[in-house]
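The values are calculated or read from the model by the stated rules, or taken from the named source; none is laboratory data. Predicted model only: the values in this text are computed from it and were never measured. Glycine gets a Cβ as well: all are built from the backbone with ideal geometry, and neighbour counts include every protein chain shown. Remember, those area values only see protein heavy atoms, side chains included, never the ligands or the DNA or RNA. Shrake-Rupley method; radii C 1.70, N 1.55, O 1.52, S 1.80 Å.
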Amino acid sequence: MKNKNILIIVTGSIAAYKACEVVRLLRKEGAQVQVMMSRAAQEFVGKATFAALTNNEVITEIFPDTPKAGLEHIEMAIDLDAIVVVPATANTLCKVANGVADDIVSTTLSVCEQPTLFAPAMNFRMWQNQASMDAVEKLRNRGFLILDPEEGKLASLHEGEGRLPEIKDIMNGIRTLFEIPLPLKGKKVLVTAGPTREAIDPVRFISNRSSGKMGYAIAKSARDLGAAVTLITGPTALADVAEVSMIKVETAETMAEEVQNHCPSADYLFMTAAVADYIPAKPSSEKLKRSDKADSLKLKPAVDILKSIKGKTKGMTISFALETSNGEEEAMRKLSQKGVDFVVLNYANEPGSGFDSETNRVVIFDTAGNKKELKKDRKDRIANQLIDFVLNKTSKKTQAV
Ligand code: CTP
């Protein structure tokens, strides 16, 4: 959404504060954002908030005290790429559906012909009101994109359909306006990332050099393709991934529990984490002292997460193999022994590859004997190509069936 000019129209609902997050995410993706607020919206969020978030003046008046040459809403009709009404009240939907243009919001919406998305939020009775339903149907017939509100507890503490759609669904809606393909829309993707930490005593642990960068890049890429993503991550120095459900764990054991809980509903599992193979057999509850003269550490095998979920998921499983030698043989061995659909081989001892590097070079193997090398590139691009490869192969498989 880089350099797209997007107008966010905020109308008067308690969900108005959630529009701040949408603005923040769009800015993060490089879009230019202009905010317009109805009078009622300003009762819920101050316009200074949106001005600070967009670095732009907020439009609130059809006839401002210091008018620009030419009316603002007419200028916008030319400059904009898309309009997003978030939250959209019943009042706004009904007005626009019926051609009412009596304030800055309804006038702008009646003048502009850009792709427009409405993210409604209202009391469930208002959503079910015949006038609102007629308005939504009319607007949909005219080509506007109107998301369905979510079911759940409303601000009034009533239960029903009326909550603002989830932020990730609004973001995906905006991507749809720009015809960005969303091949993973409606799919659930589970990603594991980063290292695990296994305690020796309360202050020391066994871990590895995994930075989590590859797994985080896969989570972002799957999110941008429309998936609902859960990222189960060991300790990393990376910022949380927006619009992704983040689950933070430390040990192989806790990572295994989370993967076991989430894998039954996943459509794709990317097992990127560098999980411990051996863990201290008896971690000490007290800090070990130099005077204890410990010269060896007894280890026991860690849970093999992939093995523990064998047969428990219908999802395509993509496992990683980080090797220092005999990569291809090791990858083929893991492909047959671990019951996975793809193995992604990368090398720990190759410059610009593997742990903690910004780039990676990988070779993907699948059970049909296909092999594809992705040349050294930034990890985010490798993530895109990897997902592309998997989607391509899996859609062919489904077609063949
Ligand atoms: N993995 C796992 N549980 C473990 C260790 C690894 O699920 N306890 C997963 C990793 O997330 C990765 C794949 O298994 O997707 C391969 O990990 P790797 O460490 O390369 O393989 P190992 O099975 O540990 O085999 P080896 O040590 O023999 O290379």
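Below are the figures for this structure:
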read-out	value
Using a Förster distance of 22 Å, the FRET efficiency for ASN98-GLU61 (Cβ separation, nearest 0.05)	0.45
Where labels lie 7 Å past Cα in the beta-carbon direction, separation of VAL111 and ALA242 in nm	2.9
Rounded percent of accessible protein surface that carbon and sulfur make up, region 5-177, 1.4 Å probe	50
Within the chain, percent of DSSP bridges classed antiparallel, to nearest 5	30
Cα-projected label distance for GLU253 with ARG39, points at 7 Å along beta-carbon direction, nm	6.3
Candidate lysines - alpha carbon under 28 Å from LYS298, same-chain residues fewer than 8 apart omitted	LYS248, LYS282, LYS287, LYS289, LYS307, LYS334, LYS338
MRE, 222 nm, helices only [DSSP H, n ≥ 4, -39500 (n - 2.57), over the chain, to nearest 500]	-9500 deg cm²/dmol
Probe 1.4 Å, accessible area per residue of region 179-240, Å²	41
Which of ALA155, ILE59, VAL303, positive extreme of dipole for the chain (C-beta unit charges)	VAL303
For region 5-177: accessible area per residue (Å², 1.4 Å)	47
Antiparallel DSSP beta bridges within region 5-177, percent to nearest 5	20
Within a Gaussian network of the chain (alpha carbon springs, distance under 10 Å), most fluctuating of ILE146, ILE200, ILE174	ILE200
Two-site FRET efficiency, LEU299 against THR367, from Cβ-Cβ distance with R₀ of 35 Å, rounded to 0.05	0.60
FRET efficiency estimate (nearest 0.05) - Cβ-Cβ, SER291 to LYS28, R0 56 angstrom	0.60
Filtered trypsin sites (Lys or Arg not before Pro), region 209-246: DSSP coil and at most 13 other beta carbons within 10 Å	ARG209
Helical segments meeting 30 Å axial Cα length and Kyte-Doolittle -1.0 threshold in the chain (DSSP H)	379-400
Length added when fully stretched, GLN128-GLN260, from 0.36 nm per residue minus Cα-Cα	43.6 nm
Projected label distance in nm at GLU330 and LYS185, using a 7 Å step from Cα toward the beta-carbon	4.1
Most mobile listed residue (THR272, THR324, THR108) in the chain, GNM with C-alpha springs under 10 Å	THR324
Per residue solvent-accessible surface (Å²) - region 257-331, probe of 1.4 Å	63
Choice from LEU157, LEU306, LEU25 showing the highest fluctuation, given a GNM over the chain with Cα pairs closer than 10 Å	LEU157
